[in-house]
Amino acid sequence: MRKFLAVVKHEYKKVVLKWSFLIGTILLPVLAIVVSIVPALIFSIKGEPTRIAIADSNGQVAVRLRQNLSSEKIAERVRRQARESISNISVSQDQQLQRSAQMIESAYQFVDLDTTEKSGEELRQFLLSKVTANEIDGYLIVPDNVNDPKAVFEFRSRKGGDILSGGTFKDALNSAVRSVRLAGENISEARLDQISQLVNFDAKGLDELGAEKDTDGIMIASMVIGLMIYITLAIYGQAIMGAVVEEKETRIAEILFSSARPFELMLGKLVGVGLAGLTQLGIWVASIAVVLAVAASQTELAPFLESVPKITPLMIVYFMLFFLVGFFTYAAIFALVGSMVTSLQEGGQFAFPPIMIMLAGFYFSIAVIRDPNSSLSFWVSIAPFLAPITMPVRILAETPPVWQILLALIVNAAAIAGLVWITARVYRVGMLMYGKRATIPEVWKWIRQA
Amino acid sequence: MILMRENAPTDATIKVSNVTKRFGEFTAVEDLSFDVQAGRVFGFLGPNGAGKTTTIRMIVGITFPDEGSITLGGERISHKLQSRIGYLPEERGLYKKMRVLDQLRYFAALKDVPSKEIDKRIDFWLDRMQLSEWKKKKTTDLSKGMQQKIQFIATVLHDPDVLILDEPFSGLDPINVEFLMDVIDEYKSADKTIIFSTHLMSTAEKLCNDIILINKSRKVLGGSLREVKESYGQNLIAFRGSNAENILSDKALVERVVSHSDEQELHLAEGVDSQDLLKRMVAANVLVSKFEKTEPSLNDIFIERVTNA
């Protein structure tokens with residue numbers, strides 16, 4: 001037992017104390033934070049307000065446009081849009097909405113210029129001279145024939161690239177012109193809104209108990225989980241293979257085998273590297289939890305959080321369990337490959353089949369996301385080799401009955417026992433074979449030998 | 001750190017009895033028997049592919065015999081006994097990117113050295129090997145000779161009762177060879193068992209008390225070095241002189257002449273006494289400057305037994 005623990009400690013330290021581990025562990029969460037938070041931060045930086053002059057001969061449009069760009073109006077319009085797309089706005093979202101509406105309002109500053117005397121080219125030249133004199137940043141020329149559908153509204157701005165507020169400005173102008181036109185036809189705007197309102201289409205997924213659930217974000221989160229497990233398994237599997245090949249290549253195996261049972265050595269290696277993987281995963285899960293907690297306290301990120309599916313501590317336990325199951329399955333295979341080959345390059349070729357099986361697991365998980373309760377989803381989330389990737393995805397998409405999770409664990413544990421048994425037999429012979437790669441019939445013979 | 005046993009010494013005798021090991025169709029070792037006494041250096045000799053490494057691996061408990069038995073101190077070799085054996089394989093390596101200290105700690109832990117003892121022993125041996133300042137360096141920073149010495153330390157850290165050294169001197173400079181020989185001597189006087197495998201007959205001759213020669217999976221000869229040599233040493237003359245061509249070409253007197261750089265080795269024909277040969281030479285006016293009855297070198301015995309097999 002002491003030797004076994006020595007092997008575990010040795011293998012664990014070998015992985016964890018490497019730079020690549022440190023970088024991988026820290027970099028991934030940092031990258032995730034950067035990708036998710038930085039754009040929001042950048043957009044929240046207030047720019048200089050855009051000074052705009054409106055040349056409107058009869059003044060109807062200008063008044064309404066300025067009203068539409070007030071924060072109250074903007075917020076109200078967003079609320080209406082949200083109602084139409086049937087998504088509920090939470091209190092925190094509403095607060096955020098008001099804040100960004102105020103931001104948009106403050107992004108415009110209207111400059112009053114006397115343009116009543118001028119028209120056509122003269123007006124344009126006048127406004128342009130104000131722009132070049134840096135008195136205004138842009139101007140809008142409202143045509144006389146507002147009611148004509150072909151009428152052109154000329155907007156020129158030195159901040160033409162500001163996509164974020166440009167859309168808002170256009171919307172506000174549209175709505176202002178529409179309201180002027182409606183008034184001309186004696187139709188009240190409120191009445192029109194009522195008539196043209198979209199139907200109230202209430203669509204939600206149901207789980208097996210008939211309870212409603214929010215499907216928002218589940219798909220993305222499931223994909224992320226599936227991909228994360230796939231990548232981690234591939235990385236740690238290859239790490240095991242590298243470690244095995246190193247000991248074979250450098251002939252350290254001979255010294256190790258003269259000190260401890262091959263089985264102890266092999267299992268110690270799997271457990272040690274597995275714990276290192278669990279450490280990394282633990283750090284990731286913990287940092288995601290911290291990031292979410294920090295984000296929850298910050299209302300700017302509330303809408304982002306709304307779409308994160310609810311992950312319970314039990315789910316995390318399941319994920320860790322299935323990571324371990326997957327790790328031991330593939331680590332045993334990679335250790336077997338490592339003890340068969342003579343170099344890492346040669347191992348790379350043999351690593352292809354297990355990688356393909358992993359990839360199949362990842363693809364099956366897409367089928368699982370689409371329909372978590374189909375019989376295909378049932379079988380692939382129980383099957384050895386596939387379950388480590390598909391079951392966590394299925395648990396997230398829609399948690400199956402506990403007996404299915406337990407069945408998957410039992411089936412896979414049995415598969416691991418078989419794999420470890422086979423690998424141990426190949427390992428103790430293969431590690432001492434130098435010079436040539438073992439053939440499949442040879443390996444078969446080692447497995448059958450007592 | 002070689003611990004002199006104060007109590008009754010643990011029996012470190014190795015008995016190999018009728019051991020056979022097959023790999024599929026191929027028989028690597030066949031019906032091999034020999035004893036290795038404690039307090040003596042045992043030379044394990046044989047050409048490449050004779051079955052040396054296979055036999056050593058069975059003694060160390062890496063593989064196990066198909067037939068026959070190997071015992072250490074009367075107990076059959078098992079993984080439990082591995083911590084009493086220190087094995088320096090011919091093909092040896094270290095973890096490339098690991099610090100010397102960490103590797104030695106790992107090997108010591110695998111050999112059941114008590115945790116408190118580990119660092120103390122590592123310091124002792126590194127100091128003795130004059131490698132203390134390399135303790136925190138990685139293998140890749142070390143020269144080949146230094147790596148050899150680190151490997152040797154890994155072999156003796158757990159103060160084994162049995163030391164098995166496979167080609168321990170390859171790659172070492174003469175100073176370190178001397179040094180290693182001193183350590184082997186210490187082990188010998190501490191009544192431990194030393195098995196020493198090599199191709200270099202001159203080294204074996206200098207170091208070994210007993211030898212076994214195996215060839216093609218079988219034992220060819222064995223016993224104490226003295227006995228082995230004496231059984232071969234009846235008819236050899238070291239000769240230097242001139243005008244001896246006629247005598248030396250007489251097959252009735254000299255069966256074979258082996259020329260060395262400045263002397264010749266004469267193998268007497270059967271029934272010819274060295275005195276007779278000398279008389280004949282004097283009578284034939286040969287100018288004799290050296291005429292000495294010698295023992296065959298281990299090298300000669302090796303070559304003769306292996307090529308005539």
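The values are calculated or read from the model by the stated rules, or taken from the named source; none is laboratory data. All figures in this text were calculated on a predicted structure; none of them were measured in a lab. Don't worry about glycine lacking a Cβ; one is built from the backbone with ideal geometry, like all the others, and counts go over all protein chains shown.
Select from the range A:418-450 the residues that are among the hydroxyl-bearing types (Ser, Thr, Tyr) and in contact (Cβ under 8 Å) with a residue 40 or more places away in the chain and write down the one among them that is farthest from A:Phe263 (Cα to Cα).
The selected residue is A:Tyr434.
From the residues in the range B:275-309 that are surrounded by 13 or more Cβ atoms within 10 Å (Cβ to Cβ) and among the polar types (S, T, N, Q), which one is nearest to B:Gly241 (Cα to Cα)?
This residue is B:Thr294.
Mind checking which residues of the range B:184-223 are in contact (Cβ under 8 Å) with a residue 40 or more places away in the chain, of a type in the set (Asp, Glu) and assigned to a helix (DSSP H, G or I)?
Once the filter is applied, which keeps residues that are in contact (Cβ under 8 Å) with a residue 40 or more places away in the chain, of a type in the set (Asp, Glu) and assigned to a helix (DSSP H, G or I), the range B:184-223 yields B:Glu186, B:Glu205.
Take the range A:441-450 and flag every residue that is among the aliphatic types (A, V, I, L, M) and out of contact with any helix residue (DSSP H, G or I) (no Cβ under 9 Å at 6 or more places or on another chain).
At the first step, the residues of the range A:441-450 found to be among the aliphatic types (A, V, I, L, M) are A:443, A:447, A:450.
Within the range A:441-450, A:Ala450 is the sole residue that qualifies.
Please verify whether the range A:156-163 includes one or more residues that are surrounded by fewer than 17 Cβ atoms within 10 Å (Cβ to Cβ), outside any loop (DSSP other than H, G, I, E, B) and out of contact with any Lys or Arg (no Cβ under 6 Å at 6 or more places or on another chain).
Yes: the range A:156-163 contains one or more residues that are surrounded by fewer than 17 Cβ atoms within 10 Å (Cβ to Cβ), outside any loop (DSSP other than H, G, I, E, B) and out of contact with any Lys or Arg (no Cβ under 6 Å at 6 or more places or on another chain).
Inspect the range A:243-260 for any residue being under 17 Å from A:Ile416 (Cα atoms) and surrounded by fewer than 19 Cβ atoms within 10 Å (Cβ to Cβ) and give the result as yes or no. Show your work before the answer.
Within the range A:243-260, the first condition is being under 17 Å from A:Ile416 (Cα atoms), and the residues that meet it are none.
The answer is no, given that none of the residues of the range A:243-260 is under 17 Å from A:Ile416 (Cα atoms) and surrounded by fewer than 19 Cβ atoms within 10 Å (Cβ to Cβ).
Return the residues of the range B:244-269 that are farther than 18 Å from B:Thr294 by Cβ and out of contact with any helix residue (DSSP H, G or I) (no Cβ under 9 Å at 6 or more places or on another chain); say none if nothing qualifies.
Listed by number, the residues that qualify are B:Glu245, B:Asn246, B:Ser249, B:Lys251, B:Ala252.
Looking at A:Thr312, is it surrounded by fewer than 15 Cβ atoms within 10 Å (Cβ to Cβ), among the β-branched types (Val, Ile, Thr) and either under 22 Å from A:Met223 (Cβ atoms) or modelled with pLDDT of 80 or more (or both)?
Working: surrounded by fewer than 15 Cβ atoms within 10 Å (Cβ to Cβ): yes; among the β-branched types (Val, Ile, Thr): yes; either under 22 Å from A:Met223 (Cβ atoms) or modelled with pLDDT of 80 or more (or both): yes.
Against the criterion (surrounded by fewer than 15 Cβ atoms within 10 Å (Cβ to Cβ), among the β-branched types (Val, Ile, Thr) and either under 22 Å from A:Met223 (Cβ atoms) or modelled with pLDDT of 80 or more (or both)), A:Thr312 qualifies.
Between a first residue in the range A:178-191 that is more than 12 Å from A:Val146 (Cβ to Cβ) and a second residue that is part of a helix (DSSP H, G or I), which pairs have beta carbons less than 7 Å apart while being 6 or more apart in sequence or on different chains?
Taking only residues 6 or more apart or on different chains, the pairs are A:Glu189/A:Ser179; A:Glu189/A:Leu182.
How many residues does the range B:80-111 contain that are among the charged types (D, E, K, R) and modelled with pLDDT of 90 or more?
Within the range B:80-111, residues that are among the charged types (D, E, K, R) and modelled with pLDDT of 90 or more number 5.
Inside the range B:45-161, counting only helices (runs of 4 or more DSSP H) that do not spill past its ends, which hold 1 or more residues that are away from chain A (no Cβ under 13 Å), free of Cβ contacts under 8 Å to residues at least 40 places away in the same chain and under 25 Å from the mean Cα position of the chain (by Cα)? Please lay out each step first, then the result.
Values: elements: B:52-60, B:100-110, B:115-128, B:144-156.
Because the criterion is at least 1 residues that are away from chain A (no Cβ under 13 Å), free of Cβ contacts under 8 Å to residues at least 40 places away in the same chain and under 25 Å from the mean Cα position of the chain (by Cα), the helices (runs of 4 or more DSSP H) in the range B:45-161 that meet it are B:115-128, B:144-156.
Mind checking whether some residue in the range A:280-296 is among the polar types (S, T, N, Q) and at pLDDT 90 or above? Please lay out each step first, then the result.
Filtering the range A:280-296 for residues among the polar types (S, T, N, Q) gives A:280, A:287.
Next cut, at pLDDT 90 or above only: none.
Within the range A:280-296, not a single residue is among the polar types (S, T, N, Q) and at pLDDT 90 or above.
Quickly run through the range B:215-250 and pick out the residues that are closer than 16 Å to B:Asn308 by Cβ, hydroxyl-bearing (Ser, Thr, Tyr) and surrounded by fewer than 17 Cβ atoms within 10 Å (Cβ to Cβ).
Within the range B:215-250, just B:Ser231 meets the criteria.
Which numbered condition in (1) in a helix (DSSP H, G or I); (2) modelled with pLDDT of 90 or more; (3) within 14 Å of chain B (Cβ to nearest Cβ) is the only one that A:Ala260 fails?
Answer for A:Ala260: the failing condition is (1).
Within the range A:243-257, which residues are within 11 Å of chain B (Cβ to nearest Cβ), among the β-branched types (Val, Ile, Thr) and part of a helix (DSSP H, G or I)?
Scanning the range A:243-257 gives A:Ile252, A:Ile255.
Among B:Asp102, B:Asp123, which is closer than 22 Å to A:Ala260 by Cβ and acidic (Asp, Glu)?
Being closer than 22 Å to A:Ala260 by Cβ and acidic (Asp, Glu) holds for just one of B:Asp102, B:Asp123, which is B:Asp102.
Please find, within the range A:412-440, the residue that is farthest from A:Phe327 (Cα to Cα) out of those that are among the β-branched types (Val, Ile, Thr) and within 13 Å of chain B (Cβ to nearest Cβ).
Going residue by residue through the range A:412-440, those that are among the β-branched types (Val, Ile, Thr) are A:416, A:420, A:422-423, A:426, A:429, A:439-440.
From what is left, the residues that are within 13 Å of chain B (Cβ to nearest Cβ) are A:429, A:439.
On the way: A:Val429: 23, A:Thr439: 26 Å.
Checked the range A:412-440; the qualifying residue farthest from A:Phe327 (Cα to Cα) is A:Thr439.
Suppose the filter is within 22 Å of A:Val180 (Cβ to Cβ) and in contact with a helix residue (DSSP H, G or I) (Cβ under 8 Å, 6 or more places away or on another chain); does A:Leu127 pass it?
Numbers: within 22 Å of A:Val180 (Cβ to Cβ): yes; in contact with a helix residue (DSSP H, G or I) (Cβ under 8 Å, 6 or more places away or on another chain): no.
No, not satisfied.
Return yes or no: is B:Arg76 under 27 Å from B:Ala204 (Cβ atoms) and of a type in the set (D, E, K, R)?
no
Could you list all residues from the range B:287-299 that are assigned to a helix (DSSP H, G or I) and farther than 13 Å from B:Ser231 by Cα? Reasoning before the result, please.
Narrowing the range B:287-299 to residues assigned to a helix (DSSP H, G or I): B:298-299.
Correct list: B:Asn299 only.
Can we say A:Ser175 is at pLDDT 80 or above and not acidic (Asp, Glu)?
yes
Return the residue satisfying two criteria in turn: it lies in the range B:51-96 and is aromatic (Phe, Trp, Tyr) and closer than 16 Å to B:Phe107 by Cα, and of such residues it is surrounded by the most Cβ atoms within 10 Å (Cβ to Cβ).
Out of the qualifying residues, it is B:Tyr87.
So which residues in the range A:1-20 are in contact with a Phe, Trp or Tyr (Cβ under 7 Å, 6 or more places away or on another chain) and within 9 Å of chain B (Cβ to nearest Cβ)?
Taking the range A:1-20 first, the residues in contact with a Phe, Trp or Tyr (Cβ under 7 Å, 6 or more places away or on another chain) are A:6, A:10, A:15.
If the condition is that a residue be in contact with a Phe, Trp or Tyr (Cβ under 7 Å, 6 or more places away or on another chain) and within 9 Å of chain B (Cβ to nearest Cβ), then A:Ala6, A:His10 are the ones that fit.
Residue-by-condition table, conditions (1) away from chain B (no Cβ under 14 Å); (2) under 30 Å from A:Ala397 (Cβ atoms); (3) assigned to a helix (DSSP H, G or I); (4) at pLDDT 90 or above:
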site: A:Asn200; (1), (2), (3), (4): yes, yes, no, no
site: A:Ala203; (1), (2), (3), (4): yes, yes, no, no
site: A:Asp216; (1), (2), (3), (4): yes, yes, no, no
site: A:Leu227; (1), (2), (3), (4): yes, yes, yes, no
site: A:Ala234; (1), (2), (3), (4): yes, yes, yes, no
site: A:Gln238; (1), (2), (3), (4): yes, yes, yes, no
site: A:Met241; (1), (2), (3), (4): yes, no, yes, yes
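Within the range B:122-158, count every residue that is more than 20 Å from A:Ile252 (Cβ to Cβ) and either surrounded by 17 or more Cβ atoms within 10 Å (Cβ to Cβ) or of a type in the set (Phe, Trp, Tyr) (or both).
1
Which residues, taken from the range A:397-411, are of a type outside the set (Asp, Glu), buried (at least 20 other Cβ atoms within 10 Å of the Cβ) and farther than 15 Å from A:Leu324 by Cβ?
Hits for the range A:397-411 are A:Ala397, A:Pro400.
Can you tell which of B:Asn176, B:Asn209 is surrounded by 13 or more Cβ atoms within 10 Å (Cβ to Cβ), among the polar types (S, T, N, Q) and under 22 Å from B:Leu72 (Cα atoms)?
Working: B:Asn176 fails: under 22 Å from B:Leu72 (Cα atoms).
Answer to the check: B:Asn209.
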